[in-house]
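Below you'll find the structure, written out as structure tokens, and then a few comments.
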Amino acid sequence: MSRVGLVIVSIFILVAIFGPALVQEPESDFLVRLKAPSSEHWLGTDYAGRDIFSMFIMGTRTVLMVALYAGVFAVIVACAVGITSGLLGGKADAVLMMITDIVLTMPQFPVIMVLSMVINVSNNLLFGFVLGIWSWAALAKAIRTQVLTLKDKDFIEASRIMGISNINIITKDILPNIVSFVAINFISIMRGAILSSVNLMVLGLVPINGTHWGMMLQMAIGQTSLLYGGIQPIVNFATPIMGILLFQLGCYLFAMGLDEAMNPRLRR
Amino acid sequence: MEQNIKENTIIEVKDLTIDFKVENGILRACDHTSFDIRRNETVAIIGESGSGKSTLCSGILNMVNVPGKVTSGTVTYFSEYQHAKADILKMSPQEETQFRWKEISTVFQAAQNALNPVLKIKEHFYETILAHQHNAKAEEMDEKIKKVLGYVRLDPAVMEYYPHHLSGGMKQRVLIALSLVLDPKVIILDEPTTALDVVTQYYILQLLSNIQKGFKITMVFLTHDIAVVSNIADRIAVMYGGEIVEYGRTEDVLGNPKHPYTKGLVDAIPTLHDDVTKRKAIHGTPPDLTQKFEYCKFKDRCPVYQEGKCEADYERTRTMYKTGDDRYSRCYTWAEQDTPNMNGGK
Amino acid sequence: MAKKILRMALTLIISLVLVFFIVKAMPGDPVQTLTQQYMTTDKLPYEQAYERAKVALNYDPEVPVMEQFLTYINQLLHGDMGQSMSYKDSVVNIVLGALPWTLLVCSISLLLSFAVGNIVGLFIAWKRSRLWDGIMSGYQAVFGSIPDYIVAYLLVVIFSISLGLFPARGAYSSETVPGWNLDFILDVMYHAALPVLCYFLTTVASWVMGMKAICVGLLGEDYMNYARARGLSRKRILFTYLGRNAMLPQITSLAITFGLLFGGSPVIENLFVYPGVGFYLNSAISRRDYPLMQGMFLMIIIMVLISGLVADALNKWLNPRLREKR
């Protein structure tokens, strides 16, 4: 199953990298509004006559980029907090863990909503930042625990006795040991970021800019809706959903496979 | 004599095989084992960890858990009344719940976690009694519980405690009391003292010995520590690699082993009178039970084989040989010699 | 425990700071914006409108920041959250009006998915049902992959618009008279049906899988084997041994999940136009109604904190191991 996941995720990544170069920028053309799928428009057109397929391809890049930024941002913060906390211990640990606990206590989505009001989300990087800023806490705690267990292990102890600096211990001993663990969490943070980004967009809290599956959904729901009847509104609505569903499932299966591969207790 | 022994049998295990499905094949933890347990005696099953003694015990209770499975054999229980027989492995769920604990009770190896953390100690006793005597009265039950707690010298106040209030030794004693509450005919004790400190260990062994003598109970004692049982067991069965390799009266087996493995175990017992440096543990490790054996299972660790006095023929180790009055060994080389071996014997 | 209370207090203070300073961090001066608004809508002279805007926002730009914050806290402690800019009402009134609706929908759906999830999870673990295990894993994978909003939208399209079975918006119909009368209560339930169903569908699988995982772990415990050896009935083992031990962690997460549901309510309430806390939070944010946003956000944080406390208390009360260790 994890192979299936890997294949799905790889396809999406390839589409995100090369896709936008291969399709035309979708343009409004009110003469071809809500046309059914044809050889010219593989998935038909939306209410403004834009080609759904090319919107979807463009959207793939946006969605993946936003999720990637969110994931990278969260993982960096989580690693920094978790490793520092675990290695230093004492007061620094207490303060950092207090902050982490507070972030964990405050529910993510309302915080993101409020932040989206303050931060004018004008590009993908900022969007990723808003989505990632509240999703590092659980991972940071988990990394801290891992660091604490590793810390007691002989090889770290040996590094310390040999007078190797903290930075070296982190890069040589700790990071390689938590990398697969972090990878799994990175994927699940990305999944969460995609869900939040779509939810924010359908709520209309993120200004309409660029292409994103969430945007396509919002327009499909807001402008055409399924109530129009006919095939095209359904295709219109289903395309971004299928994108979300497939990519998320791919990530899920892949992460599950990774988890099984590295966690001996789950192996059969 | 033989007839007499037969009549005295309370549990007869015949050709019992238990297989576990594991990652790299099938692990045969109990390999065509046959032996009998006699009424009112204490029998000790001895073997190192992984020798299959706990599996054998779960087989006798028909409590083999997945991924384990009984693939051959029968376990017959002979009731005192009219010599009624019951096949433990073929009971219906109802018969089974009635049979369990009333006839055979157990004290498990992992006593520290054998009690339900959300129930008080007394509730464990109540539910056990009520499962077998649906109309038991509260006062009678309390009376009985106080009595069995008295056997193991526990204050009746522990009835109101939760399991986490008790120390390891106290939990172990509660479990022993619990195993006595329905006056069973047989108690199977799986490493009942391993997790305890030496003083508690000694104390509990004393208790068990007294209980056995006082109540005419059949006791089956599973342990890896031959020193522990030498004082209290009437007979000893030595297990190795999922098989019983020697079986007989304690003084016979320990005094004059008829299997090199038993001899190794006996030689490893420290006594007060001799030189510790001469103690030699059996070298090597227990065999991997997932393999298909082509030689005697003990071959790799056997001094007799290494001295070239035995060819370790697998087929010839498939049966037990009578090596004396009511004693059997799986080692055909020593059985054939049938002479007092190098130990000098009695 | 002391640490926990300290953390809760800190969380609350940080939330207060956050919502307070967000207004200050906003691009443009909200007081000026509101003043302009009052001048046009209520035809007030600038001075008067400015004064009113200051009161409404709980915020006077001429006073030092620290003092502003203290005034804000002081007013909060006196139960004053300011005036909503977009609704002609005090924020406190709107918060108190919204709270019962979210409580109603969240608690019904939570209890429902908790009950169903635990029973199904227990069943799957007890029967070692590979079939149902697979079905529920698949269900969880799919429902964990699509945004709640989509589920809510599809429910509206199917049950409300296509089949016409349930109303799609609001908490009750305008014809009924709010109060403790049967008509109203039935109407409220009728309107709550789809939001409840939506919460239920999106959360039930995680209860099932959680319960299953706990039970599978417990089935390997020694006391399970020991109970079987003692000849206890299967029913007794299922309920008193497996069920009771598995419920301990589940009940703790019940309270925590309540907090999470509360936080997740904006998405679903918005689609069903259900006048709860999340709906008003969303509408406050999109209308840039700062005082209302502050009020709703604080309400959500407070509910989450209370849920955490309840979870702790429940755990202490249910678990004999923790009961005495106060």
Could you look through segment C:239-253, keep only residues that are without any contact (Cβ under 8 Å) to a residue 40 or more places away in the chain and among the polar types (S, T, N, Q), and pick out the one that is farthest from B:His124 (Cα to Cα)? C:Asn245
Could you please find all residues in segment B:193-224 being surrounded by fewer than 20 Cβ atoms within 10 Å (Cβ to Cβ), outside any helix (DSSP H, G or I) and touching a residue at least 40 places away in the same chain (Cβ under 8 Å)? B:Thr194, B:Ala195, B:Lys216, B:His224
Considering (1) more than 14 Å from every other protein chain (Cβ to nearest Cβ); (2) closer than 25 Å to B:Ser179 by Cα, say which one B:Val64 fails and leave the rest. (1)
Quick check on my filter: what residues within segment C:181-205 are surrounded by fewer than 18 Cβ atoms within 10 Å (Cβ to Cβ) and among the polar types (S, T, N, Q)? C:Asn181
Flag if C:Tyr241 is assigned to a helix (DSSP H, G or I) and touching a Cys at 6+ places or on another chain (Cβ under 9 Å): no
Is it fair to say A:Leu31 is at pLDDT below 75 and in a helix (DSSP H, G or I)? yes
Helices (runs of 4 or more DSSP H) contained entirely in segment B:89-192, each with at least 1 residues that are surrounded by 15 or more Cβ atoms within 10 Å (Cβ to Cβ) and at pLDDT 85 or above: B:121-132, B:138-151, B:168-180
When the residues of segment C:129-157 are filtered to those that are free of Cβ contacts under 8 Å to residues at least 12 places away in the same chain and in a loop (DSSP other than H, G, I, E, B), which remaining residue is farthest from the other protein chains (Cβ to nearest Cβ)? C:Ser129
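Collect the residues in segment C:278-295 that are of a type in the set (A, V, I, L, M, F, W, C) and more than 12 Å from A:Pro107 (Cβ to Cβ), keeping them in residue-number order.
Correct list: C:Phe279, C:Ala284, C:Ile285, C:Leu292, C:Met293.
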Any idea which of (1) farther than 30 Å from A:Val202 by Cβ; (2) under 25 Å from the mean Cα position of the chain (by Cα) is the one C:Ile150 doesn't satisfy? (1)
Search segment A:2-25 for residues that are farther than 17 Å from A:Phe56 by Cβ and free of Cβ contacts under 8 Å to residues at least 60 places away in the same chain and pair each with any residue that is surrounded by 13 or more Cβ atoms within 10 Å (Cβ to Cβ) and of a type in the set (S, T, N, Q) when their beta-carbon atoms are under 8 Å apart and the residues are at least 6 apart or on different chains. none
Look through B:Val199, B:Val220 and report the one residue that is within 17 Å of the chain's Cα centre (by Cα) and among the β-branched types (Val, Ile, Thr). B:Val220
All conditions in (1) at pLDDT below 85; (2) more than 10 Å from chain C (Cβ to nearest Cβ); (3) more than 28 Å from B:Thr262 (Cα to Cα) are true of B:Leu207 except (3)
Got at least one residue in segment C:217-227 being surrounded by fewer than 17 Cβ atoms within 10 Å (Cβ to Cβ) and over 30 Å from B:Val186 (Cβ atoms)? yes
Kindly establish whether B:Glu127 is farther than 30 Å from B:His164 by Cα and either of a type outside the set (A, V, I, L, M, F, W, C) or more than 14 Å from every other protein chain (Cβ to nearest Cβ) (or both). no
Just one of A:Met113, A:Met98, A:Met117 is free of Cβ contacts under 8 Å to residues at least 40 places away in the same chain and within 14 Å of chain C (Cβ to nearest Cβ); which is it? A:Met98
Do the conditions hold for C:Asn181, that is, is it within 30 Å of B:His134 (Cβ to Cβ) and of a type outside the set (A, V, I, L, M, F, W, C)? no
Can you go through C:Ser84, C:Ser174 and tell me which one is surrounded by fewer than 19 Cβ atoms within 10 Å (Cβ to Cβ) and either touching a helix residue (DSSP H, G or I) at 6+ places or on another chain (Cβ under 9 Å) or away from chain A (no Cβ under 14 Å) (or both)? C:Ser174
Within segment C:219-233, of all residues that are outside any loop (DSSP other than H, G, I, E, B) and farther than 15 Å from B:Leu119 by Cα, the one farthest from the other protein chains (Cβ to nearest Cβ) is C:Leu219
Listed residues C:Leu261, C:Leu292; which is of a type in the set (A, V, I, L, M, F, W, C), buried (at least 21 other Cβ atoms within 10 Å of the Cβ) and either outside the structural domain of C:Leu194 (by TED's automatic domain parsing) or within 24 Å of C:Gly210 (Cα to Cα) (or both)? C:Leu261
Give the residue, chosen from C:Ile300, C:Ile268, C:Ile256, that is within 12 Å of chain A (Cβ to nearest Cβ), assigned to a helix (DSSP H, G or I) and closer than 22 Å to C:Leu155 by Cβ. C:Ile268
Just name the residue that is nearest to B:Asn62 (Cα to Cα) out of those in segment B:103-113 that are touching a helix residue (DSSP H, G or I) at 6+ places or on another chain (Cβ under 7 Å) and more than 7 Å from chain C (Cβ to nearest Cβ). B:Ser105
Please report, ordered by residue number, the helices (runs of 4 or more DSSP H) entirely within segment A:90-191 with at least 3 residues that are among the small types (Gly, Ala, Ser) and at pLDDT 85 or above. A:137-152
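Yes/no matrix, rows are residues, columns are (1) among the small types (Gly, Ala, Ser); (2) free of Cβ contacts under 8 Å to residues at least 60 places away in the same chain:
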| residue | (1), (2) |
| --- | --- |
| C:Ser206 | yes, no |
| C:Ile237 | no, yes |
| C:Ala255 | yes, yes |
| C:Gly259 | yes, yes |
| C:Glu269 | no, no |
On the basis of being surrounded by fewer than 24 Cβ atoms within 10 Å (Cβ to Cβ), under 18 Å from the mean Cα position of the chain (by Cα), in a helix (DSSP H, G or I) and in the same structural domain as C:Leu104 (by TED's automatic domain parsing), does C:Met247 make the cut? no
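The values are calculated or read from the model by the stated rules, or taken from the named source; none is laboratory data. All values reported here derive from a predicted model rather than from experimental measurement. Heads up, the Cβs are rebuilt from the backbone with ideal geometry, glycines too, and the neighbour counts pull from every protein chain shown.
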